[in-house]
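In what follows, a structure is listed as structure tokens, so that the remarks can point back to it.
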Amino acid sequence: MLVLAKSLPKPFSVTPNHYDYKKEFARTSTGSSFHLKSSPRTHLLSPNSGCSFAVVRASASVAKPTSHGVMDYNAKICHFCEVGNLKNAVELLCRSPKSELQLKTYCSVLELCAESKSVEDGKRVHSVICGNGVPVDENLGAKLVFMYVNCGDLREGRRVFDKIPSDRVFLWNLMINEYAKVRNFKEGVSLFKKMQQVGVQANSHTLSCILKCFAALRNVKEGERVHAFLCKMGFGSYNTVMNSLMAFYFKSGRVESAQEVFDELSDRDVISWNSMISGYAANGLGEKGVETFIEMLCLGVKTDLATTVNVLVACADIGNCLLGRAVHGYAIKACFDREIRFRNTLLDMYSKCGDLAAAVLVFERMGKKSVVSWTSMMAGYVRKGLSDEAIKTFYEMQTNGINPDIFTVTSILHACACSGSLENGNVVHNYIRDNDMESNLFVCNALMDMYAKCGSMEDAHLVFSCMPVKDIVSWNTMIGGYSQNCLPNDALKLFSEMQQNSKPDSITVACILPACASLAALDRGREIHGHILRNGYFQDQIVANALVDMYAKSGLLALAQILFDMIPSKDLISWTVMIAGYGMHGFGTEAIAAFNEMRDAGIEPDEVSFISILHACSHSGLLDEGWRFFNIMRNECNIEPRLEHYACIVDLLSRTGNLSKAYKFIRIMPIKPDATIWGALLCGCRIYHDVKLAEKVAEHVFELEPENTGYYVLLANIYAEAEKWEEVKKLRGRIGRKGLKKNPGCSWIEIKGKVNIFVSADSSHPLAKQIESLLKRLRAKMQEEGYFPNLKYALINADDMEKEVALCGHSEKLAMAFGMLSLPPGKTIRVTKNLRVCGDCHETAKFISKTSRREIMLRDSNRFHHFKDGHCSCRGFW
């Protein structure tokens, strides 16, 4: 609560818009000293702070005259100072007898040091003062503080400041303002409180500066206290203070409060109007900013360069290129277009409004380009997806002798990330090392993002581990990078580490949920779901979509549907996630219904949505429906099919047994088929045992991806199932000569939050013997009921006994058996496999679900298999 004295005099000083400390010092007689008396105090900050303002009255005493002999040395030194000859002034000062130097002389030299920004000379003068035993009083101390601060040595300036008993408000303002400049806002506030404690009366500049500190610290409460104080003290009529107050409210997100301050101003200056325009734009209210600009013109308020710059920012915010062009024309008439600040903002406006050609024209016509000009041009290219042009501009910039700054570096790293250009990213990283930028938090975060998006998580982790300070963005970048690069275990491990150091936010959970989905780590996903509910993150569209996706990919499609229905405003990603979820579970009809409902809701599908619905048709064997959606995409939505869409159609034809149609379709495709498309047909050849076509298709695949082991193994499996063991032998010899290695089959199951991994014929698990015994009993029971293993799935040339043993060692069977041993009766067994499930394991899972009355959820590389009562949801389409 604000406590005010009954009677307070008006503040004795009101500073202009631009506070000139040099004039303030020059205006003060160098030979005078001040005797200050405190007046009744007025508390401004919170009662706990113990801080207060005090009104100060000052009276000066006249300095004593000096002797004629002393004047000679002082006059010579002062003459050097008057003509700006700092070197001679300092040299003569150092040689002069200490007894013959006046206080005014020291002050004159210190003023020249400050003006010349020569901290070395200033330190020499300071050393002479100390060596001569000159007492550093308030006046001389003020000159020393100003010299150090103006020369950029804030630490030494503060050291001197703390030693002198200063009641001069402008000296306190100098220090607070300098802390604000170096973004040490907390220290600025601390000094402000100390200023109140010693009874120094704040003036308009003090209030303007401290409002800037409170805005940066998002300290709305204390800023409001300052607002109340300045109104009581009569500062409400001063534009300098009220403009700062508006800026404070805008930076604190209090737009309505800023508007109220503006409305109460009786005599608005151009800075007041500019503050409103820039404040609206900064808060995402560009339309209001433009309206304010138009009102300003209608009232005949004279605009300046800042006005046009601010309104261009507002135009960029709302994407209004037409108005931006009008402002451009207006600026040309007002001759503002010659200013580099205006041109940089103009370039950025055209870029953000999508007119890259105009941005390039502005850039090329700029006579003198600053680092901001080059950086804006790079950002424009990246925004348009022209990352290679951005990288080219980066090199051209250095050729022209412009050194990239932190903003340039982060912008070009983003370009490298978008284009996947690891080589150029490494070049930028070398520049960062050479220019000591590695300690900058923003640069490190951009580096990690670049490496992650270029697929080099080892380099990203190296940057992360060397960072002296990490923020939430650092953790999120790494966790998201691991998730995107198919390293879910690393993502979950880092997430656990993060929880010990920092609190996850909505972006964190959106990054970690895909890792849970990838591993089908349902228990961990549920824990994160609880965190989302406790913190209200479900209102975040990205989080809600990720949560639906996690449950769909973890096998709980019903829960995914419930959460999907709870999303108040579904976007395209929401619908696409749900359609894909239906598709991977084999619910093609439901996927089609969701797709139609999405279009009825006015949301038009994109390329990814069509990939999801075509996959759904493929996994459910819906041939006619798949063709219909393919034609809708081309004819109604005017989306040119990409390789992924053609691959879906080939897969659909292949799974439904139309192998010759699929082959003809590939031959007449308007774009060259890749290995994925030929591979889809090769998989169909395996399903329908067409060895002849498989051999023809395989040659295309081997030509396109000669190092991909998976396709060699697939053809070997086709030969093995057809019992063409000689061909299998030849193909395996070919694999050996190329030095290729087969990716081993791997399955995993989560029990009580722990992921248990199994590989084929694995005997290292602690329960290996129990698992083997259970599988033998199951096999015997299956044979008793008339089921005999399909030995062709053993894929080895051996006798039946060896083949049967090989079949028992498949990783998905091991994981299912472990689930039966570890989970309570009736509990669903959830297994994930990195490859396509084999036919024998598929039949075994059906048998287990029937005899044990357990549901088994098996997710392989293609889809979900939901086994219940001896049936599978895939209906043979996998």
For the chain, with +1 on Lys and Arg beta carbons and -1 on Asp and Glu, the positive-most of 477, 297, 257 along the dipole: 257
Would segment 688-733 count as rounded, prolate or oblate if I go by the C-alpha gyration tensor, calling it rounded below 1.5 in a/c and otherwise prolate when a/b exceeds b/c, oblate otherwise? oblate
Helix 204-216 sits off the longest principal axis of the Cα atoms of the chain, rounded to the nearest 10 on a 0 to 90 degree scale, by 10
Given labels modelled 7 Å from the Cα in the Cβ direction, how far is it in nm from residue 194 to residue 231? 3.2
Grab the Cα-Cα distance for residue 539 and residue 725, subtract it from 0.36 nm times how many residues apart they are, and report the gain in nm with one decimal. 61.1 nm
Simple SL model, points at 7 angstrom along Cα→Cβ for residue 371 and residue 299; separation in nm is 3.8
Taking Cα atoms only, helix 154-163 is inclined relative to the longest principal axis of the chain by an angle, in degrees rounded to 10, of 50
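Please report the relative contact order for segment 348-505, taking Cα pairs under 8 Å with a sequence separation of at least 6, and give it as a percent rounded to a whole number.
On the way: 180 pairs, mean separation 22.6, N = 158.
14 percent.
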Determine the sum of side-chain charges near residue 546: Lys and Arg each +1, Asp and Glu each -1, restricted to other residues whose C-beta is under 11 angstrom from that of residue 546. -1
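Relative contact order, percent, of the chain when contacts are C-alpha pairs under 8 Å separated by at least 6 residues?
5
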Normalising by the residue count of segment 182-293, find the relative contact order in percent from Cα pairs under 8 Å and 6+ residues apart. 20
Compute the long axis of helix 406-419 from its Cα atoms, compare it with the longest principal axis of the Cα atoms of the chain, and write down the angle in degrees, 0 to 90, nearest 10. 10
Unsatisfied cross-links (Cα-Cα over 22 Å) in the set 553/781; 813/833; 827/850: 553/781
Pick the calculated volume of the Cα convex hull per residue in Å³ for this structure from (1) 208; (2) 233; (3) 245? (2)
Is the shape of segment 333-399 rounded, prolate or oblate, going by the alpha carbon gyration tensor and its root eigenvalues a ≥ b ≥ c, with a/c under 1.5 for rounded and a/b larger than b/c for prolate? oblate
Quick one: length gained pulling residue 469 to residue 163 fully straight, 0.36 nm per residue minus the C-alpha distance? 106.8 nm
Gain in length, residue 132 to residue 439, computed as 0.36 nm per residue apart minus the alpha-carbon separation, to one decimal in nm? 106.3 nm
Say each of residue 642 and residue 341 gets a label point 7 Å from the Cα, pointing the same way as Cα to Cβ; how far apart are those two points in nm? 4.3
FRET efficiency, residue 768 to residue 181 (Cβ-Cβ, R0 56 Å, nearest 0.05): 0.25
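Quick check on the chain: helices-only [θ] at 222 nm, where DSSP H runs of length 4 and up contribute -39,500 (n - 2.57) each and the sum goes over total residues. Nearest 500, please. Intermediate results must be reported in sequence, preceding the final value.
Numbers: 45 runs with 564 residues, N = 878.
Per the formula, -20000 deg cm²/dmol.
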Checking the table 76/181; 186/369; 186/384; 193/251; 453/729; 143/193 against a 29 Å threshold on Cα-Cα, which pairs fail? 76/181; 186/369; 186/384; 453/729
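Rounded to the nearest 0.05, what FRET efficiency do residue 631 and residue 853 have when you use their Cβ-Cβ distance and R0 = 41 Å? Working shown, then result.
Details: r = 45 Å, r/R0 = 1.09.
FRET efficiency, residue 631 to residue 853: 0.35.
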Residue-wise HN-Hα coupling along segment 368-377, computed from phi with Karplus coefficients 6.51, -1.76, 1.60 (Hz; x: Gly, Pro): 10, 9, 9, 4, 5, 4, 5, 5, 4, 5
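Read the figures in this text as sums done on the coordinates, not as results from a lab. From a predicted model like this one, the values you see are computed outputs, not experimental measurements. In this analysis, Cβ positions are derived from the backbone assuming ideal geometry, glycine residues included, and neighbour counts consider all displayed protein chains.
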